[in-house]
1. Sort out which residues of the stretch 238-247 are over 17 Å from residue 297 (Cα atoms) and either under 29 Å from the mean Cα position of the chain (by Cα) or not assigned by TED's automatic domain parsing to the domain that holds residue 202 (or both), and write them in order of number.
2. All but one of (1) surrounded by fewer than 21 Cβ atoms within 10 Å (Cβ to Cβ); (2) out of contact with any helix residue (DSSP H, G or I) (no Cβ under 9 Å at 6 or more places or on another chain); (3) not in a helix (DSSP H, G or I) hold for residue 136; state the number of the condition that does not hold.
3. Counting just the residues of the stretch 1-20 that are touching a residue at least 24 places away in the same chain (Cβ under 8 Å) and surrounded by 16 or more Cβ atoms within 10 Å (Cβ to Cβ), which one comes out farthest from the chain's Cα centre (by Cα)?
4. Return the residue satisfying two criteria in turn: it lies in the stretch 121-137 and is modelled with pLDDT under 95 and charged (D, E, K, R), and of such residues it is farthest from residue 338 (Cα to Cα).
5. Would you confirm, using the coordinates I've provided, whether residue 45 is closer than 22 Å to residue 16 by Cα, assigned by TED's automatic domain parsing to the domain that holds residue 7, in contact with a Phe, Trp or Tyr (Cβ under 8 Å, 6 or more places away or on another chain) and hydroxyl-bearing (Ser, Thr, Tyr)?
6. Please go through (1) in contact with a helix residue (DSSP H, G or I) (Cβ under 7 Å, 6 or more places away or on another chain); (2) modelled with pLDDT under 95 for residue 258 and return the number of the only condition it doesn't satisfy.
7. Every residue in the stretch 24-59 that is under 15 Å from residue 345 (Cα atoms) and surrounded by fewer than 18 Cβ atoms within 10 Å (Cβ to Cβ), please.
8. Can you tell me which condition residue 159 does not meet? The list is (1) touching a His at 6+ places or on another chain (Cβ under 7 Å); (2) closer than 23 Å to residue 300 by Cα, and all the others hold.
Amino acid sequence: MVRAVVFTGPDQPLQQVRFALSETVGTAVRVRITCCTLCRSDLHTHAGRRTQLMPTILGHEIVGRIEEFGPQSLRIDARGVPVEVGDRITWAIAVGCGTCFFCADDLPQKCEKPYKYGHEQVRLDQPIGGGLADTIVLTPNTAWFRVPDTISDLVAAPANCATATVAAILRSAGSIVGRNVLVLGAGVLGLTACAMARSAGATAVFVSDPSSASRDRAMSFGATHTYSPESGELSAGIAEVTHNRGADIVLELAGVPSSVEAGMTLTRIGGTLVLAGTVAPTARVLFDPEKIVRRMLTIRGVHNYHPRDLDTALTFLAGPGCEFPFEKLVSATYSLDNVEQAFIEAHRQPGVRIAVMP
């Protein structure tokens, strides 16, 4: 039997349930979960700000050790690296079918029939679909990767959401070398973006966040300048550094309308604005299309990521990412028996992660 924590609604207590262990058949891989960190989207669902089918098992930032291979499973990861029972792995949140229009268009994360870890309704053939459990059997077509030994569980778990998403964001933004990058929002995504942008060759990394503690933390992740969005210092500071041009690349990671509006204003002529922070419904943003046209802005949206972005994330964390204090972004750990308290603590500290280690 496998323990799992089941979510049935925002006003309902989490339920610890035992399920029969799914058989490891075909190309499946069974994994003993060692760590699952609570992401902001988990908190949105838990609080009722975001809806999904229920009952469900939350948690998609997962790392674990291989317990068993299915009889047809190749013992190599998505890179082609040989693996064996006992190795640590992590995997892409979204699993594409491989045959639909979007999968064929190299957008498996937007598959017409996706499977998303931590977002699926509990069902008989796949009862464990999230990380708040002892064990999980990976669904077919999952892109999974061996975790380098130099990366701890506390760093590896957020890699398959925060770090991989930032890898997708920066890929979408284009070349970072020699650019001035503005990061709006200094949560885990924003801090990761600072570190990855500096490592990729950004000349300056500006950070805007209302929390002074978050701004201070950003400096240890590569930020060169930090500002509060609640005063005129943000636009004045960027104007001074960029000779009134504005930021070459703006990454909107706060997910609030005022931040999106600021991003449109602070992107320079010919610059790129990437929107990735809005993962729950919010108020609409008004903009003047003439200004977008005359300023020749490129605006991109990024949601989820391609499996290759997870590969990039793990490579970064095992290399230049070692220079940054990623492990400090997990402020506390809880057992599976204390998940209620873990969520309480996570809601109190939205700028960091809380880990659940079964």
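1. Residue satisfying the conditions is 238 alone.
2. Evaluating residue 136 over (1) surrounded by fewer than 21 Cβ atoms within 10 Å (Cβ to Cβ); (2) out of contact with any helix residue (DSSP H, G or I) (no Cβ under 9 Å at 6 or more places or on another chain); (3) not in a helix (DSSP H, G or I) leaves (1) as the failure.
3. 19
4. Checked the stretch 121-137; the qualifying residue farthest from residue 338 (Cα to Cα) is 125.
5. Working: closer than 22 Å to residue 16 by Cα: yes; assigned by TED's automatic domain parsing to the domain that holds residue 7: yes; in contact with a Phe, Trp or Tyr (Cβ under 8 Å, 6 or more places away or on another chain): yes; hydroxyl-bearing (Ser, Thr, Tyr): yes.
Taking the combined requirement at face value, the residue satisfies it.
6. (1)
7. Selection gives 47 alone.
8. (1)
The values are calculated or read from the model by the stated rules, or taken from the named source; none is laboratory data. Please read all numbers here as calculations on a predicted model, not as lab measurements. So basically every Cβ, Gly included, is an ideal-geometry build from the backbone, and we count neighbours across all protein chains shown.
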